[in-house]
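The values are calculated or read from the model by the stated rules, or taken from the named source; none is laboratory data. Bear in mind that the values here come from a model prediction, so they are computed numbers and not experimental data. Counting neighbours? That spans all protein chains shown, and the Cβs are built from the backbone with ideal geometry, glycine included. Just the protein is used for accessible areas: all its heavy atoms, side chains included, with ligands, DNA and RNA removed. Shrake-Rupley method; radii C 1.70, N 1.55, O 1.52, S 1.80 Å.
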Amino acid sequence: MASAASTSATAAVAVASRLLLRRSPHLLRRFAHVHVPSAAVSSRASKSSSSSFGAAALRRPPGHRARMGHTSASAASSVPALGLTKANAVELPQVTFTGKDTEFSDWKGDILAVAVTEKDLSKGSDSKYENAVLKKLDEQLGGLLSEASAEEDFTGKAGQSVVLRLSGQGFKRVGLIGLGQNAPSTALASRGIGEAVASVAKSVQATSVAIVIASPAGIQDGFKLTAAASIASGTVLGLHDDSRFKAESKKVHLKQVDLIGLGSGPELDQKLKYANDLCSGVIFGKELVNAPANVLTPAVLAEEAAKIASTYSDVFTATILDEEKCQELKMGSYLGVAAASANPPRFIHLCYKPVGGNVKRKLAIVGKGLTFDSGGYNIKTGPGCSIELMKFDMGGSAAVFGAAKALAQIKPPGVEVHFIVAACENMISGTGMRPGDILTASNGKTIEVNNTDAEGRLTLADALVYACNQGVDKVIDLATLTGACVVALGPSIAGIFTPSDELAKEVTAASEISGEKFWRLPMEESYWEGMKSGVADMVNTGGRQGGSITAALFLKQFVDEKVQWMHIDMAGPVWSDKKKAGTGFGVSTLVEWVVKNSS
């Protein structure tokens, strides 16, 4: 559709070119379309699968853009990052999970963790536990478990835990983990067990843990493998502490976790490996969000994506488009946002193709990639604007690349996936877009910018056009797009918008396995009236009421009608105020969705 751009699009590109030439007369000479073959990417990627953002973190002084080819580690290391900040190398949790059917009382190690419901703690007329596991354990400990739970007022509520130091037993400590009223029946509840165990293990620096469900009969047989995998995921994610930017990092001591009573054998082993692969992607996504904007620039984000292609070259290739190539593709909407920043934009395209080919379905996942959002001339001001947190405005791209990393290890067959991010910063300068400016997107549609702080949709517009041009069957975009969605759904639920009931069912089913929360919101077509411009095809924002809906309707203008499409507004759950860190939201659901489509 890019080839059908109107005369106005050509004029807009010409204007953009003149603006860029004023900023740097050699600018248009220095750029080249960069296709990154796996062999050409920095060899650092093969040394470590964790994200580092080390010496490659650049911030060029205002007005200066050095002549460069693709962003390489060697080139980047010659210029210090703003504030001299570099990420420290931190060892990620390396935990071995094993399913066992042994007797829990015979286990030897640091902590025997027993997950109990409120009902499990009920006692008979003889003042002994009625639950068989707790009764046997309490007798083995001479009644100490019963005494301690009473003294600590432990009732089995979700979030409660109690840990006792022992002597004369094969295990050094016993811990009770509260589940609430019922045994775990969802991935979210199961993951909570792992997170609680990780917290206990960190507090006592345990190296080995066994996890027992006091009422295993309460878990359906068909759910046991999922429960085991979710417990493993919760443990690894609970252990992870992003200390890359701290002077001192805490060492992870836990190395071995035995899951007792949830099965054993090859099927469980495969499920646990899947959980481990998934966690590596979630952690990667979290670390991308946590990295500050002076370290994670658009060029560095592109380099991190290219490392995935280098490390997993059997299934991935990377194409990084620079500013000039984006001009050739008439991405005026995206480039309008990027125009004010001293850090040049990078359009990132990772392509996954399964080993052996035989592709039956083509998918695209598009992520918003604003490595920092000042709001532009509509600068973020006042209480609640959260400008200090706008490093997380690339949370959509973090989910995209986190999913890419996990899928590179899982290697689902039969599906081709395009991971696309239009990365840039939304800053303020004399070359930036102004309220009232008209931008022309790569499909020829014109946009009157009535708010420079509604910039994410402008970058996504050209990214969605590009994605549809890859010949895909389905497209999902993810973005920290609107505060309106946070007002509607709160901090832990993402809004989904799609004209496709089939796609809505697919993502909902994937979220039930991942444990992430989504809610489908309406695409009220009548609201589009408020998005019409008197001088262009549309404006980029329609006011306060229904803001997340009008944003979705805006994005719809850039999607091929033949392609199934979904927009996910993840502005709420991308960040945890409690932990003051990114959550890795979206990675798990995207992976599940792709895997389901591969079958």
Per-residue SASA entry for residue 558, accessible area with 1.4 Å probe, Å² rounded to 10: 0
Once both axes come from the Cα atoms, what is the angle between helix 7-23 and the longest principal axis of the chain, in degrees from 0 to 90, rounded to 10? 80
Can you put 307, 505 in order of accessible area, largest first, using a 1.4 Å probe? 505, 307
Mind pulling the angle between the C-alpha long axis of helix 224-239 and the longest principal axis of the chain? Nearest 10 degrees, somewhere in 0 to 90. 70
Once you compute Rg and the Kirkwood Rh from C-alpha atoms, what is the Rg to Rh ratio for segment 79-210? 1.10
Cβ-Cβ cut-off under 11 Å around residue 387, Lys and Arg +1, Asp and Glu -1: the net charge is -2
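Would you kindly work out the equivalent ellipsoid of segment 344-423 from its C-alpha gyration tensor and give its semi-axes, the square roots of five times the eigenvalues, largest first in whole Å? The partial results should precede the final answer.
On the way: eigenvalues 229, 26, 15 Å².
With the √(5λ) rule applied to segment 344-423, the semi-axes are 34, 11, 9 Å.
Note down the Stokes-Einstein diffusion coefficient of segment 139-207 in µm²/s, whole number, using a Kirkwood radius over alpha carbon pairs, 37 °C, and 0.692 mPa s.
Rounded, D is 251 µm²/s.
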What aspartates and glutamates sit close enough to residue 128 to cross-link, taking a C-alpha to C-alpha distance under 18 Å and skipping anything fewer than 8 places away on the same chain? 118, 120, 138, 139, 147, 151, 152, 153
Residue 381 paired with residue 578, simple spin-label distance in nm, labels 7 Å along Cα-to-beta-carbon: 3.5
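State, as an integer percentage, the relative contact order of segment 278-399 based on alpha-carbon contacts under 8 Å between residues 6 or more apart.
32
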Ranked by accessible surface with a 1.4 Å probe, highest first, in what order do 388, 455 come? 388, 455
To the nearest 10 Å², what's residue 287's accessible area with a 1.4 Å probe? 10
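Suppose all protein chains stay in the model; what accessible area per residue would a 1.4 Å probe give for segment 438-563, in Å²?
39
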What residues of segment 151-193 lie in the reach of a label at residue 256, counting those whose backbone N is under 13 Å from a point 7 Å from the Cα along Cα→Cβ? 171-172
Rounded to 5, percent antiparallel among DSSP beta bridges of the chain: 40
Heavy-atom accessible area order for 393, 241, largest first, 1.4 Å probe: 241, 393
Cα-based radius of gyration of the chain once divided by 2.2 N^0.38 Å, which approximates compact folds: 1.03
Rounded if a/c under 1.5, otherwise prolate or oblate - segment 465-599, Cα gyration tensor axes: oblate
Restricting to Cα pairs under 8 Å and 6 or more apart, the percent relative contact order of segment 345-427 works out to 57
Starting from the Cα gyration tensor of segment 538-599, take the square roots of the eigenvalues, sort them a ≥ b ≥ c, and report rounded, prolate or oblate (rounded when a/c is under 1.5, otherwise prolate if a/b is larger than b/c, else oblate). oblate
At q = 0.16, 0.17, 0.28, 0.30 Å⁻¹, what log₁₀ I(q)/I(0) does a Debye calculation on the Cα points of segment 194-251 give, no solvent, two decimals? -0.60, -0.65, -1.18, -1.24
From phi via Karplus (6.51, -1.76, 1.60), per-residue ³J(HN,Hα) for segment 461-469 in Hz, x at Gly/Pro: 4, 5, 5, 5, 4, 4, 4, 5, 6
Whole-Hz Karplus couplings 3J(HN,Hα) for segment 546-557, θ = phi - 60° and coefficients 6.51, -1.76, 1.60, Gly and Pro as x, run x, x, 6, 6, 5, 5, 5, 5, 4, 4, 4, 5
Mean Cα-pair separation over length for the chain, i.e. relative contact order, pairs under 8 Å, 6 or more apart, %: 16
Take the residue pairs 368/579; 474/580; 273/360; 157/286 and return only those whose Cα atoms are more than 32 Å apart. 474/580
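Once you list every other residue whose beta carbon is under 13 Å from the beta carbon of residue 490, what net charge do they have if Lys and Arg are +1 and Asp and Glu are -1?
-1
Work through the residues other than residue 237 whose Cβ is under 10 Å from its Cβ and net out their charges, Lys, Arg +1 and Asp, Glu -1.
Computed value for this residue: +1.
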